[in-house]
Structure formats: structure tokens, C-alpha cells
Amino acid sequence: MLGSIFKITQVEYNESEQTWIGTLSLCSEDEYELKDLMKRMKEEVEGGVASLGWLLYNEGEYEKGRNYFQQLLLDSTTDDFDKGQCYRGLGAIEIALKDYDEALENFQKELDLLTKSDNQEDIATTYAKIGEELPRVYGYHAEKLVPLEKALKPIESQIDELPRLINTAKRHCHFPSEHGLTHDQSAAVYIYSMEWGDTNLYRILNKALRSENRQALKIWFPYLKLFDTALDKLPTVKEVVWRGVPLDISKHFTKNQILTWWSINSCSSSVKIIGNFIGNRKNATLFLIEAIKGKKISGYTEFKNEDEIILRMGSQFRVESDVLKQPNGSLLVHLVELDDNHDQSLASAMNKTQLALKSSNTDTSVIPNLPANARWARNGVTVAGGHGYGSATNQLWGPHGLFVDDDQTLVIADTYNHRIVQWRAGDTNGQVVAGGHGKGDRLNQLNEPTDVLIDKETDSLIICDRENRRVVRWSRRSGTAHGEVLVHDVKCWGLAMDDQRYLYISDYEKDEVRRYEKGDWNGIVVAGGNGIGSGLNQFNGPTYIFVDKQQTLYVSDRSNDRVMKWDKGATEGIVVAGYQGQGSSQTQLSFPNGVFVNAWGTLCVADSWNNRVISWPQGAAQGTVIVGGNGAGVKANQFNGPMALSFDLHGNLYVVDRGNYRVQQFSI
């Protein structure tokens with residue numbers, strides 16, 4: 001049975017078959033036998049009693065792993081170290097299940113448990129230029145590999161007795177290396193970790209990496225080449241890691257911010273190590289980082305037991321949530337490392353989307369009269385992007401909004417490239433049609449646009465320019481150099497237009513939706529506006545919206561994990577999808593985003609954290625998965641945080657696959 005617990009009673013190697021054969025015995029779920037198993041594991045398993053829970057976690061058996069860790073915590077014989085491992089395991093499981101609040105609570109319990117000791121190091125460090133825009137470091141990859149002595153010769157004047165320190169590194173480094181590092185590569189890692197005072201190599205190097213003077217870095221190129229090629233050979237880790245700074249630097253971090261760390265950053269997979277580092281200092285900053293390409297250097301450093309992991313220079317992150325004040329006065333910053341093929345944040349809270357609009361009279365978007373029993377192909381075809389994140393014309397970066405024109409031309413809000421791109425059917429490259437001049441608030445710039453629609457009456461784009469707190473109009477005529485502001489001072493997330501050409505804007509900050517007539521700067525509240533909450537007259541982070549011919553409004557109430565229907569003139573809404581809180585059953589949603597309603601009242605919604613699109617017939621108690629639902633991934637039947645959805649005239653479904661930097665088409 002899936003999730004059953006076994007004890008390994010014998011393992012032997014069959015030479016003729018060249019196979020290891022293990023004999024297992026099934027453990028009863030009886031509490032006494034489970035406790036006996038825990039006792040035996042404490043005595044026999046080197047990794048401690050928590051090892052089985054971590055094994056279940058690594059196998060993807062999250063519920064079984066959670067139950068096991070919780071059982072250990074109830075066992076009075078479990079010591080503080082193993083309890084800390086249990087809380088850490090529970091935190092990792094909750095991240096995998098996308099419950100970040102619960103994850104942070106478990107990590108905090110581990111930190112509280114493991115930092116009881118008063119014997120902490122008092123280490124001060126400089127942490128400057130966080131997220132500052134600096135040019136990338138180019139050129140060192142072309143350097144030839146040279147011995148460590150020659151690699152560090154150009155900086156010898158900056159470090160006293162450098163030859164002696166190099167000799168120490170070569171004598172004590174981990175060599176021979178089971179990972180194939182040369183003696184010089186291993187010594188390059190070792191000397192980076194060595195402590196000898198204010199002129200430590202890592203301090204001088206990182207100061208140079210954070211400097212705006214990129215030319216001054218050239219003397220470091222031979223060493224960077226040696227160090228970087230060493231890291232290439234070491235294991236890559238994809239796990240939660242920790243970093244601590246004994247200063248309050250939280251002002252540098254805001255939710256959803258994208259930032260780059262230009263220096264090389266040492267982290268640990270053990271929160272205990274970081275807890276010892278920052279001690280009981282109030283206003284210290286603790287980083288919880290979902291790393292996906294960290295390099296494990298433990299065993300290669302001067303400090304063998306620190307579980308050290310390196311995040312390379314130029315690593316990029318997204319701030320997952322608001323800075324969290326801890327009971328001990330420290331600040332917790334949750335970061336998610338970005339990468340071409342990674343599920344960013346393991347399906348994080350950044351997931352937002354754009355709606356598909358229906359407006360037959362003004363032809364804002366002509367939606368096909370979909371059959372009630374319509375079905376779509378299970379495998380999608382990539383029709384835009386799909387080449388990793390970047391700013392090239394065949395790439396997208398954090399795409400959010402989507403609009404499909406009559407001729408199957410896609411208009412995409414390419415959020416982190418601060419532009420709107422147009423992608424004609426069959427093209428391998430898109431065309432920038434708005435923005436594209438970097439992040440900024442000039443009229444020829446955008447700042448993280450999240451939604452876009454075509455207003456055919458004026459032949460223009462209407463764009464939600466979220467971080468500039470405005471909605472802008474941008475003509476589609478060739479040669480248009482800038483847009484014009486339609487609405488000011490709104491934390492716009494989603495847009496819709498009805499048959500009367502009224503514009504609807506969701507305000508994520510004020511938890512409301514307003515309707516605007518032409519020339520109206522203020523608008524009127526048509527949904528929400530009663531503060532944050534879960535009442536029927538409230539929202540908790542309204543994102544994307546849909547309006548039908550009767551001016552009935554459908555709103556993805558993201559953080560309440562539901563979709564709300566507001567009839568025209570209503571003072572409260574009706575829950576039409578997602579009835580039982582966040583979850584993955586077909587009665588539940590998890591951070592719903594893109595939404596569309598057909599002529600029969602059936603709702604289609606991008607269920608982002610569940611990586612699926614689900615349809616919900618009018619009045620039904622549960623939905624049906626129509627595409628996706630196969631876990632996070634890059635396959636044709638998978639998503640990595642589905643966002644916007646829309647349909648073309650033929651009924652084909654288009655879904656923005658944000659974490660895979662692509663748009664997928666599913667044929668009807």
C-alpha cells in the first residue's frame with residue numbers, strides 16, 4: 001500500500017546479477033510498533049530518527065512524511081536536535097505543498113529550539129548594495145586555468161602573507177576529490193572559506209563584486225575562473241537554505257521584488273548554524289532561501305561541519321512575501337531563486353493572471369460559443385516563448401496577462417521584461433508593441449505590467465501598469481512611441497471591458513473592483529470595498545476579473561482561494577468556485593487566477609498552485625480538470641504556475657505557463 005512503512009532487515013549483494021537485494025518487513029500502524037521502530041532508528045540510523053521522514057519527503061510522500069514527523073514530535077523520547085529536524089522537515093513539506101505560512105511557522109519553531117544556547121559567535125559583516133542594478137561580470141570565463149598561486153598573484157598586495165595562506169590551503173584542502181576537482185580547484189574553494197582577519201579573501205573579493213567599477217574586477221578573473229570551474233564540479237542543491245546577517249537590512253526587500261545578489265553568498269542547509277551566527281541579536285535579518293542551483297561546498301572548506309552552500313555571484317531572486325517580524329525581534333526574509341526551468345517558489349504567492357474577456361457588441365474579444373461538453377487535448381503546444389527566461393524576442397520573463405485576437409495573434413504582458421509583446425500565429429519570435437525601454441515611469445516605459453486587452457474601437461491596447469500604479473492606453477498604430485495615462489493611483493491587477501465600453505479594474509491594495517466610464521478618473525466601486533477579509537462583501541487580494549453581457553462580474557479572490565460572482569448592483573457576492581478553503585481536491589482551489597465564463601455559466605479558472613485549469617459548471621459543488629493537473633513540470637501536459645487563459649474563435653484554449661516562460665495552446 002502506498003505510504004506503508006517497512007523495516008530493512010537484511011541487505012546483500014548478488015554478484016551474478018550485479019544487484020543489491022533488500023529484505024523488508026512491513027510495520028504495523030500500531031502505536032507501540034511505531035514507537036519501537038523510532039527507538040531502533042535512534043540506535044541504528046546514523047542520520048537520526050528523522051531520517052525516515054526525510055526519506056518520505058524525498059520520495060514525494062508528503063502526507064506520510066508529515067504524519068511521521070508529527071508522531072516524532074509527540075514522542076517524549078525525541079530530543080531537541082531531532083525535534084528541530086522534524087520541524088525543518090515539516091517546513092520543507094509545507095513549502096512543497098505551497099503552504100508558506102505553515103512552513104515559516106515550522107522553521108521558526110526549529111530556530112527557536114536550536115538557538116537556546118547563549119554561546120553564539122559575535123560576527124559582524126558588511127552587507128551592501130542589495131539588489132542594486134550593476135553590470136554583469138563578463139570575461140573571466142575566457143581566462144585560462146592556472147595554478148592558484150598564479151591566479152591570486154594580481155591581488156597579492158591586498159592580503160598580507162598571501163603565499164603562506166595559499167600553502168596552507170593546498171595542504172589542508174580536500175584532495176584527491178571524489179568530484180573530480182584538481183588540487184588547485186579544491187584549494188581555491190578552501191582559501192575562499194578561510195578566516196584570518198579583516199583581509200579575508202572572501203571579504204575583499206565580495207567588496208569588489210559589489211563595486212560599480214567593473215574594470216577593477218579584471219585582476220580577479222584568473223581566480224574567478226578557477227573558483228567557478230570548481231563549483232561546476234560540485235553537487236548542485238535544490239533545497240531550502242539559510243543565510244543570516246546581524247543587521248536590520250529588511251528595508252531593502254519588498255514583496256514580489258526581483259533582485260540580484262552580485263557577490264558570492266555563503267549559506268547553510270542548517271538553520272542551527274545560522275542561528276549560532278546571528279545569536280539572539282534583535283533586528284538581525286534571517287534569510288529563508290528556496291535555492292535551486294546552490295553549490296554544496298561542505299567538506300571542501302576550513303569549517304567541515306557547517307553544511308555550507310554557495311550561491312553564485314549574479315544569483316537572482318524574487319521576494320516571496322512581506323518581511324516577517326519574529327518574536328525575538330529578528331526579521332525573516334523569504335526569497336525564491338529564479339532559474340530558466342524552475343517552478344519559481346514551488347508555485348509561489350507571486351502567481352497572478354489575466355482574464356479572457358467577452359464583449360460581443362464592442363468586439364473587445366470575440367469568444368466562441370463553446371459547446372457545453374467541449375473537451376481539449378491533454379497535451380499543449382508551445383506557441384510563444386519556451387526558450388527560458390530572458391529579453392530576446394523569442395523569450396518571455398514572468399508572463400502574466402494574455403489576450404487572443406481574432407486572427408490568433410497573442411498579446412502578452414511580459415511582466416519582468418516591462419513590455420507588451422505581440423506574437424502572430426506560427427511566428428517563432430514576438431514583437432514589442434509597448435514598453436521595452438527598461439523599468440521606469442516615463443510614458444514610453446512600463447513597470448511590471450500584469451494585464452492587457454485590445455480596445456478595437458480605438459485600435460489600442462489598455463495596459464495594467466501595476467508597479468507604476470496606473471492604467472495606460474497605447475495605440476497599436478505603427479510608430480507609436482509612448483502611451484497615455486487613463487487612470488492614476490490604482491494598484492491595478494486585472495482589467496475587463498463590458499459591452500458599454502465601461503472599464504473594470506481590480507485594485508489589489510484596496511480589495512475592490514471599480515468601474516470607470518470614459519474620461520472618469522475616480523470610478524465607482526462595484527465589488528468589495530469593505531476592507532480585507534473573507535466575508536461575502538469582501539476580498540483578500542482580488543486579481544483577475546471577467547464581466548458578461550449583463551454586467552455580472554466574476555472575480556478571482558486569490559488569497560481566499562475562491563471565485564466570486566457579483567451581480568450588477570449587488571452589495572455582496574456569491575461563491576461560485578472554491579468552497580472549502582485552499583486545497584487540491586476538486587471542491588477546492590489554490591490561488592485561482594485567470595477566469596472565463598461561457599454562455600451556459602460554466603466557469604474556467606487557472607488553478608495556479610494546483611497547476612491545472614479546472615471547469616466549474618453553474619451551481620456545481622466541484623469542478624473538473626480540463627488540462628494540467630499532473631504536477632509541476634515542463635512536459636506538454638504539465639504547468640509551472642498557470643496564469644492567464646483565453647480562447648480563440650475556434651475554441652482552442654491558451655494558457656500562460658508562467659514558470660516555464662511560455663504560452664501553451666490546447667486544441668479543442
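The numbers here are math on the coordinates, done by the rules we state, and not lab data. Owing to the predicted nature of the structure, the values given are computational and were not obtained by experimental measurement. Glycine gets a Cβ as well: all are built from the backbone with ideal geometry, and neighbour counts include every protein chain shown.
What Rg and what Dmax come out for the stretch 381-666 when only alpha-carbon atoms are used, in angstroms?
Rg then Dmax for the stretch 381-666, in Å: 17.5, 51.
Over the stretch 152-248, one equal point on each Cα, no solvent: what is log10 I(q)/I(0) by the Debye formula at q = 0.12, 0.16, 0.19 Å⁻¹?
Relative scattering, expressed as log10 I(q)/I(0), comes to -0.45, -0.79, -1.06.
Scaled to the compact-protein estimate 2.2 N^0.38 Å, what is the alpha-carbon radius of gyration of the stretch 140-337, rounded to two decimal places? Numbers along the way, then the final one.
Details: Rg = 17.1 Å, N = 198, 2.2 N^0.38 = 16.4 Å.
Dividing the Cα radius of gyration by 2.2 N^0.38 Å gives 1.04.
Could you give the spread of the C-alpha atoms of the stretch 596-649 along their three principal axes, from largest to smallest, in whole angstroms?
So the three principal-axis extents are 33, 29, 14 Å.
Calculate the dipole size of the stretch 140-337 relative to its Cα centre from +1 charges on Lys and Arg beta carbons and -1 charges on Asp and Glu beta carbons; express the result in debye to the nearest 20. Display every interim value, and only then the final one.
Values: 27 positive and 22 negative charges, 57 e Å.
With Lys and Arg at +1 and Asp and Glu at -1, about 280 debye.
For the stretch 548-643, report the translational diffusion coefficient in µm²/s to the nearest whole number, using Stokes-Einstein at 20 °C, 1.002 mPa s, and a Kirkwood Rh over Cα pairs.
Values: Rh = 13.3 Å.
Taking Rh from Cα pairs, D becomes 161 µm²/s.
Restricting to DSSP loop positions (anything but H, G, I, E, B) with no more than 13 other Cβ atoms inside 10 Å of their own Cβ, which trypsin sites (Lys or Arg not before Pro) remain in the stretch 542-616? Walk me through the numbers before you get to the answer.
Values: sites: 549, 558, 562, 565, 568, 612; in loops: 549, 568.
Those that pass, being in a loop and sparsely packed, are 549, 568.
As a quick test, which of the pairs 150/218; 255/518; 83/238 have an alpha carbon distance above 25 angstrom in this structure?
255/518
Which entries of 296/635; 293/325; 295/491 have Cα-Cα distances beyond 30 Å here?
Numbers: 296/635 28 Å; 293/325 28 Å; 295/491 38 Å.
Correct reply: 295/491.
Which whole-number percentage describes the relative contact order of the stretch 140-337, with Cα contacts under 8 Å and a sequence gap of 6 or more? Could the numbers behind the result be given before it?
Details: 378 pairs, mean separation 45.3, N = 198.
Over the stretch 140-337, the number comes to 23 percent.
Take the Cβ-Cβ distance between residue 620 and residue 491 as r, set R0 to 51 Å, and report the resulting FRET efficiency rounded to the nearest 0.05.
Numbers: r = 33 Å, r/R0 = 0.64.
The value I calculate is 0.95.
Multiply the residue gap between residue 141 and residue 481 by 0.36 nm, knock off their C-alpha separation, and tell me the result in nm, one decimal place. Numbers along the way, then the final one.
Values: separation 340, 0.36 × 340 = 122.40 nm, distance 3.84 nm.
Gain on extension, residue 141 to residue 481, equals 118.6 nm.
Could you compute the FRET efficiency for residue 599 and residue 58, with r as their C-beta to C-beta distance and R0 at 41 Å, rounded to 0.05? Numbers along the way, then the final one.
Numbers: r = 47 Å, r/R0 = 1.16.
It comes to 0.30.
Would you mind calculating the gained length between residue 255 and residue 517 on full extension (0.36 nm times residue separation, minus the Cα-Cα distance), in nm to one decimal?
Numbers: separation 262, 0.36 × 262 = 94.32 nm, distance 3.19 nm.
Extra length from residue 255 to residue 517 when fully extended: 91.1 nm.
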